[in-house]
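Please treat every number below as a calculation from the coordinates, not as lab data. The model shown is predicted, which means the values in this text are computed figures rather than measured ones. All Cβ positions, glycine included, derive from the backbone under ideal geometry; neighbour counts span all protein chains shown.
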Amino acid sequence: MAYASALLRDPARTYREIDLAGRTAAADGPALVQLLYEELTQALRVAAWAADRRQFATRSERVTRATSILFALEANLDFEKGGDVSRILARFYAGCRRQVVDASIGTDGAPFLAVAAELEEIAGAWKQARAA
């Protein structure tokens, strides 16, 4: 029944959540990280769009999603196995969170897009590493 009531309120969001649940159900660890990067950059792009159009509720929702994903990425770093790479990524994720939170105060979407672009570089490298 929860899906039915949610579907009536926001069908597009409900379908996105169902799609994400389906994609994560069969994903292994590296595939989940890739999905997180995709969801993160999407959230930041929507936050930028919403900021530019002064749609504060949407911006806030997407900022919350983005910061949650950044926390999840950082929390799942393996500092013993990852060594310096994990430490660098932890600092990078913390910096991204700071930029996102700072950008959430204003009405300019550009900072969100800048963070998304930085993350897309990392996501691209991650995707290449998985393919190798």
Inset, instruction - Give the residues of segment 74-106 whose amide nitrogen is closer than 15 Å to a point set 7 Å from the Cα of Q128 in the direction of its Cβ. - result: none
Inset, instruction - Rank these for me by crowding, F71, F92, going from fewest to most other beta carbons within 10 Å. - result: F71, F92
Inset, instruction - Multiply the residue separation of D52 and D84 by 0.36 nm, subtract the distance between their alpha-carbon atoms, and state the gained length in nm to one decimal. - result: 7.8 nm
Legend entry - Electrostatic dipole magnitude of segment 29-131 [Cβ: Lys, Arg +1; Asp, Glu -1; Cα centre; debye, to 20]: 200 debye
Inset, instruction - With a 10 Å radius around each residue's Cβ, average the other Cβ atoms per peptide and rank 42-49, 124-131, highest first. - result: 42-49, 124-131
